Amino acid sequence: MAQRPADRNFLEAALDNVEVLLDAATENEAVKSIPILGTAIKLCKGYDDLRNKAFAAKVYKFVMEPSLQSAQSKARLQTELHTREGAAEEVGEALFLTLEKLADMRKPALLAQVFVAYLDNVIDVSTFRRLAAATDQAYFDDLELLLEVPDDHSKKEGLVWKMRLLGTGLVSPVGGESWEEGDMIFMQMTELGTSFRKAVAHAKSVAAQAHRV
């Protein structure tokens with residue numbers, strides 16, 4: 001599946017109006033709470049090249065994710081990162097390096113959802129860093145498929161797209177259980193994959209609750 005037209009149009013508009021995005025991002029609570037993101041935004045303002053404009057667009061997509069815009073997440077940003085020793089630096093580094101590499105404009109919002117799950121203690125910092133790396137490595141449409149399968153999905157299903165996720169740590173190979181399946185290899189979701197689904201589901205719940213308020 002190709003990048004959605006809305007994402008392509010956003011990137012085109014962002015490259016022409018990067019200063020507007022940078023100003024909006026600078027005032028965001030996430031950027032204010034994570035020093036390295038604020039520094040990166042300031043540097044983007046000083047360089048008028050395509051790479052910096054694209055990075056600014058990704059930061060904007062990240063900070064404008066609805067779950068990160070909720071009052072709950074804004075409050076967490078003011079407390080959680082600054083009460084865990086070294087958290088702002090460690091998490092900020094992971095966010096900066098991941099956002100800089102992302103090659104799909106749909107991924108920054110997904111990364112923000114994982115970040116919200118970290119803020120709310122749904123996942124720990126190690127899992128957050130692992131999921132940030134997996135988000136970067138995986139093809140977005142395969143991540144969507146992983147998120148959409150039911151909890152009771154069979155390890156025998158979706159072998160093609162699951163194999164494409166092997167290097168991310170979200171799935172792992174497993175042998176057959178019966179005599180007939182003795183020499184067959186299937187794919188099952190790992191603990192990290194389950195954490196990914198749990199993190200995104202939590203962030204969507206936060207966004208939905210904020211919308212109802």
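Identify the residue in region 113-133 that is hydrophobic (A, V, I, L, M, F, W, C) and under 13 Å from Gly169 (Cβ atoms) and, among all such residues, is surrounded by the most Cβ atoms within 10 Å (Cβ to Cβ).
Applying the filter and picking the extreme gives Leu131.
Quick check on region 160-174. Is at least one of its residues assigned to a helix (DSSP H, G or I), in contact with a Ser or Thr (Cβ under 6 Å, 6 or more places away or on another chain) and of a type in the set (Ser, Thr, Tyr)?
No, region 160-174 has no match at all.
Kindly indicate which of Leu77, Leu68 is at pLDDT below 80 and either over 20 Å from the mean Cα position of the chain (by Cα) or of a type outside the set (Phe, Trp, Tyr) (or both).
Just one listed residue meets the conditions, Leu77.
Could we say that Asp136 is open to solvent by less than 30 Å² (accessible area, probe 1.4 Å), modelled with pLDDT of 95 or more, touching a Lys or Arg at 6+ places or on another chain (Cβ under 9 Å) and outside any loop (DSSP other than H, G, I, E, B) here?
Against the criterion (open to solvent by less than 30 Å² (accessible area, probe 1.4 Å), modelled with pLDDT of 95 or more, touching a Lys or Arg at 6+ places or on another chain (Cβ under 9 Å) and outside any loop (DSSP other than H, G, I, E, B)), Asp136 does not qualify.
Has region 163-182 got at least one residue that is modelled with pLDDT of 90 or more and of a type in the set (D, E, K, R)?
yes
Among the residues of region 29-51 satisfying the criterion of being in contact with a Phe, Trp or Tyr (Cβ under 7 Å, 6 or more places away or on another chain) and modelled with pLDDT of 70 or more, which is most open to solvent (accessible area, probe 1.4 Å)?
Ile36
In region 76-86, how many residues are assigned to a helix (DSSP H, G or I) and surrounded by fewer than 18 Cβ atoms within 10 Å (Cβ to Cβ)?
Matching residues across region 76-86 total 4.
Checking Asn121 against (1) touching a helix residue (DSSP H, G or I) at 6+ places or on another chain (Cβ under 6 Å); (2) under 29 Å from Tyr60 (Cα atoms); (3) at pLDDT below 95, only one condition comes out false. Which one?
With (1) touching a helix residue (DSSP H, G or I) at 6+ places or on another chain (Cβ under 6 Å); (2) under 29 Å from Tyr60 (Cα atoms); (3) at pLDDT below 95 applied to Asn121, the lone miss is (1).
For the list (1) within 30 Å of Met64 (Cβ to Cβ); (2) in contact with a strand residue (DSSP E or B) (Cβ under 7 Å, 6 or more places away or on another chain), I need the number of the one condition that Pro173 fails.
Looking at each condition in turn, Pro173 falls short on (1).
Could you check region 87-112 and list, in sequence order, the residues that are assigned to a helix (DSSP H, G or I) and either in contact with a Pro (Cβ under 7 Å, 6 or more places away or on another chain) or open to solvent by 20 Å² or more (accessible area, probe 1.4 Å) (or both)?
Within region 87-112, Ala88, Glu89, Glu90, Gly92, Glu93, Phe96, Leu97, Leu99, Glu100, Lys101, Ala109 meet the criteria.
The values are calculated or read from the model by the stated rules, or taken from the named source; none is laboratory data. Nothing here was measured: the structure is a model prediction, and the numbers come from that model. Using ideal geometry, Cβ is built from the backbone for each residue, glycine included, and neighbour counts are taken over all protein chains shown. Just so you know, the surface numbers come from the protein's heavy atoms only, side chains and all, with ligands and any DNA or RNA stripped out. Shrake-Rupley method; radii C 1.70, N 1.55, O 1.52, S 1.80 Å.
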